[in-house]
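As structure tokens, the structure follows; a few thoughts come after it.
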Amino acid sequence: DRVLTTVLFTDIVDSTTLAEERGDRRWRDLLDRHHQVVRAQLLRFGGREIATTGDGFFAAFSSPTQALRCAMSVVEAIRRLGIEIRAGVHTGEVEVRGEDLGGLAVHIGARVAGAAAPGEVLASSTVRDLVAGSSIAFEDRGEHELKGVTGSWRLFAARGA
């Protein structure tokens, strides 16, 4: 089955360096706190955890506005732990594979997240267009080539109201 959904990807900036500096036990403790924060925000904004990626999350939302608000909230909450994340949001049709999601829209979402700067929530132009009229503002980040995806994609940094 294919369904329209919004995907959110996050990852911790410089996680390998942080893990080395902190050592295994302190890194694991930090990851546990990170996971608690992200899961609390997913619950708050109606997101569904699809997978963890070691130092990041893959989540799905029925609303791009909720995904963006969740991502912005996670960025701020994680900053209080002394670390930064980057996040990417994209809306498209995904393939439902049991509890997992797949397809090109998932790959695009992951690539959008990879293009984000530390502390930034990047969104595809699809997401920006879909949330027109919300209180979310965007800053144009220009055209990007997304690895493995044909063409260039205009990306936007999401800002709160």
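Key figures for this structure:
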| item | result |
| --- | --- |
| Per-residue SASA entry for ASP140, accessible area with 1.4 Å probe, Å² rounded to 10 | 80 Å² |
| Efficiency of FRET between ARG48 and LEU104 - r from beta-carbon atoms, R0 22 angstrom, step 0.05 | 0.65 |
| The stretch 88-132: C-alpha gyration tensor shape, a/c 1.5 cut-off, then a/b vs b/c | oblate |
| The stretch 29-69 - charge dipole about Cα centre, Lys and Arg +1 at Cβ, Asp and Glu -1, debye rounded to 20 | 240 debye |
| Pairwise label distance in nanometres, GLN36 with GLU21, each label 7 Å out on the Cα-Cβ vector | 2.2 nm |
| Beta bridges per DSSP with both ends in the stretch 85-161, % antiparallel, nearest 5 | 80 percent |
| Cleavage-rule hits, GluC sites (Glu not before Pro), the stretch 61-157, DSSP coil, Cβ neighbours within 10 Å at most 14 | GLU99 |
| Gaussian network model of the chain, springs between alpha carbon atoms under 10 Å - residue of THR91, THR150, THR16 with greatest fluctuation | THR150 |
| Dipole axis of the chain (+1 Lys, Arg; -1 Asp, Glu on Cβ), positive-most option in GLY23, VAL106, ALA77 | ALA77 |
| Estimated distance in nm for a label pair at SER134 and ALA117, the labels positioned 7 Å out from Cα along Cα-to-Cβ | 2.2 nm |
| Neighbour cut-off at most 15 other Cβ (10 Å), DSSP loop, trypsin sites (Lys or Arg not before Pro), the stretch 35-81 | ARG80 |
| Apportionment of accessible area to carbon and sulfur, the chain, percent (1.4 Å) | 47 percent |
| Most mobile listed residue (LEU81, LEU42, LEU31) in the chain, GNM with C-alpha springs under 10 Å | LEU81 |
| Two-decimal log10 I(q)/I(0) for the stretch 7-75, as the Debye equation yields it once each C-alpha is a single scatterer, q = 0.19, 0.28 Å⁻¹ | -0.70, -1.22 |
| Anisotropy class of the stretch 27-161 from Cα gyration tensor, a/c 1.5 cut | rounded |
| Selected from ALA132, ALA60, ALA115 as most flexible by GNM, with the chain as the system and alpha-carbon contacts under 10 Å | ALA132 |
| Accessible solvent surface per residue of the chain, calculated while the other protein chains remain in place, 1.4 angstrom probe, Å² | 50 Å² |
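The values are calculated or read from the model by the stated rules, or taken from the named source; none is laboratory data. Since the model is a prediction, treat every value here as computed from it, not as a measurement. All Cβ positions, glycine included, derive from the backbone under ideal geometry; neighbour counts span all protein chains shown. In case anyone asks, the SASA skips ligands and DNA or RNA and just uses the protein heavy atoms, side chains included. Shrake-Rupley method; radii C 1.70, N 1.55, O 1.52, S 1.80 Å.
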